[in-house]
Ligand code: UD1
């Protein structure tokens, strides 16, 4: 297993290009199952999670080609709507294939997912929604067996789950009649999915709001689409810039997707300015502690919570983070404490008492965003060496992160084993 080795304390300076959003690209790849002709996706990030979805689609019979940022997907050869445990367990997002498979084939057998170790992460809302659309659902030996001809219906989500909203939008696109989803998730990735499907011939209105109306159509055609930039990657690089008292610009960002995050980053005292599609952070002075609560979009994103915890660990004063989206998503706290942070956990709240600086140490990544938090902590630490182990977590969501941070002036390298 690879290790990332960091000698921190160097201010990051320069520009970094954002990749396409992993969380947008994955459902788009699954949605290609609905098309009667090949699709082309541009700006697809080169990540392990993308390879996992590619492998799953190919296993089902799709013909895919991924060269650089450009992916072609021909799902017309798929004949077996079956997603096996071995391929689904590695990544929760593999479950996205369920909705499109059942919409296209009238049946599907998909393993229950695995994914990040952040709470139990059930899929009950996906399944209840499909049942509302007329699907019969059975659970058998770890598999979901879904069957039925889908018909439009009204369905209110118990919680605005991103994945469930996406599953239901995809399924309803080819259902008979009109589906109305209320309490839907509003994340930008959902709007991107709706844009893709609408270009394919779907009729989806209201994506990006809490009420989405989908008028089913019998057929969808393949189209070309460009994946939106990754807002979580943008936030991660901006935090890394701030915590090292650097001057970093993320290129090709969408400020509107980052509003609540940028508000908090500014509240720490970091100077943040936008110019067109670029966002620059400049942090000359010491950063101040802030309090934040993670919430579904447009609230503060849970996927930037761990990275902000690294920042607050060495900010002036005491800050708190309340995690309301996932249970058990503070895996990074104990590792940050090993680097000299002073973090106390109380249920879903973390109390972070800022220390003057963190110290390098060997630490273990436990999930994708926790590993980004440890890299940021390592970059900030002026003394000692940080060794981040279990780097495969970070490779799931960040493309060649060490090379891109090194290009900004960080002393960081990957040791391959
Ligand atoms: C997506 C993102 C992930 C992000 C999360 C929240 C992708 C590939 N992943 O994950 O990076 O952290 O949104 O912004 O897009 N829940 C249920 N029942 C369900 C579904 C979800 O109880 O059927 C719960 C989950 O356990 C969790 C919460 O709802 O506590 C949010 O989950 P959800 O919004 O579904 O996240 P994902 O789509 O898995």
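Every number here is computed from the coordinates shown, using simple stated rules; none is lab data. The structure presented is a predicted model; accordingly, all values stated were derived computationally and were not measured. All Cβ positions, even for glycine, are placed from backbone atoms using ideal geometry, and neighbour counts span all protein chains on display.
With the alpha-carbon atoms as the only input, what is the per residue convex hull volume for the range 23-71 in Å³?
Working: hull volume 3.3 nm³, N = 49.
In the range 23-71, the Cα hull volume divided by residue count equals 68 Å³.
Could you tell me the distance between the Cα centroids of the range 20-77 and the range 178-217, to the nearest Å?
Cα centres, the range 20-77 to the range 178-217: 20 Å.
With the radius of gyration and the Kirkwood radius both derived from the Cα set of the chain, what is their ratio Rg to Rh? Don't skip to the answer; put the middle values down first.
Details: Rg = 21.3 Å, Rh = 21.7 Å.
Ratio value, two decimals: 0.98.
When the Kirkwood radius is taken over all Cα pairs of the range 198-262, what Stokes-Einstein diffusion coefficient follows at 37 °C and 0.692 mPa s, in µm²/s?
Values: Rh = 14.9 Å.
The diffusion coefficient I find is 220 µm²/s.
Can you list the residues of the range 388-402 with backbone N under 12 Å from a point 7 Å past the Cα of residue 1, pointing along Cα to Cβ?
388-394
Taking R0 as 41 Å, what FRET efficiency do you get between residue 105 and residue 327 from their Cβ-Cβ distance, rounded to the nearest 0.05? Spell out each step's value before the answer.
Numbers: r = 34 Å, r/R0 = 0.84.
Taking R0 as 41 Å, the efficiency between residue 105 and residue 327 is 0.75.
Springs between alpha-carbon atoms under 10 Å, Gaussian network over the chain: tell me which of 336, 139, 287 tops the mean-square fluctuations.
Of 336, 139, 287, the Gaussian network model singles out 139 as fluctuating most.
With the contact rule set at Cα under 8 Å and sequence spacing of 6 or more, what percent relative contact order holds for the range 135-178?
Numbers: 36 pairs, mean separation 16.9, N = 44.
Computed value for the range 135-178: 38 percent relative contact order.
Using packing as a proxy for protection, rank 232-241, 32-41, 275-284 so that the peptide with the highest average count of other Cβ atoms within 10 Å comes first. Mind dumping the intermediate values first?
On the way: 232-241: 27.0, 32-41: 22.0, 275-284: 16.7.
My ranking of the peptides, most packed first, is 232-241, 32-41, 275-284.
If contacts are Cα pairs under 8 angstrom and at least 6 residues apart, what is the relative contact order of the range 236-279 in percent?
Values: 31 pairs, mean separation 19.2, N = 44.
Across the range 236-279, relative contact order equals 44 percent.
Running a GNM on the chain with Cα contacts under 10 Å, which residue among 361, 164, 267 ends up with the highest mean-square fluctuation?
Comparing 361, 164, 267 in a Gaussian network model of the chain, the most mobile one is 267.
If each residue of separation counts as 0.36 nm, what is the full-extension length gain between residue 416 and residue 217 once their alpha-carbon separation is subtracted? Walk me through the intermediate numbers first.
Working: separation 199, 0.36 × 199 = 71.64 nm, distance 4.95 nm.
Residue separation times 0.36 nm, minus the Cα-Cα distance, leaves 66.7 nm.
Return the Rg/Rh value of the range 156-291, two decimal places, where both radii are evaluated on C-alpha atoms and Rh is the Kirkwood radius.
On the way: Rg = 18.6 Å, Rh = 16.7 Å.
Rounded to two decimals, Rg/Rh equals 1.11.
In nanometres, what is the gap between the two model label sites at residue 17 and residue 58, each 7 Å from Cα along Cα-to-Cβ?
In this crude label model, residue 17 to residue 58 measures out at 2.4 nm.
How many nm is it between the label spots at residue 387 and residue 286, if each spot is 7 Å from the Cα in line with the beta carbon?
With each label point 7 Å from Cα toward Cβ, the separation is 3.2 nm.
What percent do you get for the relative contact order of the chain when only Cα pairs under 8 Å and 6+ apart count? Could you put the intermediate results ahead of the total?
Numbers: 1095 pairs, mean separation 87.7, N = 417.
Computed value for the chain: 21 percent relative contact order.
Can you give me the angle between helix 162-173 and the longest principal axis of the chain, using Cα atoms only, in degrees from 0 to 90, rounded to the nearest 10?
Tilt relative to the chain: about 20 degrees.
May I ask you to order 72-84, 364-376, 189-201 by the average number of other C-beta atoms within 10 Å around their residues, highest value first?
Working: 72-84: 18.2, 364-376: 26.6, 189-201: 22.2.
In descending order of packing, they fall as 364-376, 189-201, 72-84.
At each listed q (0.15, 0.19, 0.21, 0.25 Å⁻¹), what is the log10 of I(q)/I(0) that the Debye formula gives for the range 322-417 modelled as equal alpha-carbon point scatterers?
So the normalised log intensities work out to -0.60, -0.93, -1.10, -1.38.
Distance between the C-alpha centers of the range 331-354 and the range 248-321? Whole Å please.
Going from one Cα centre to the other spans 18 Å.
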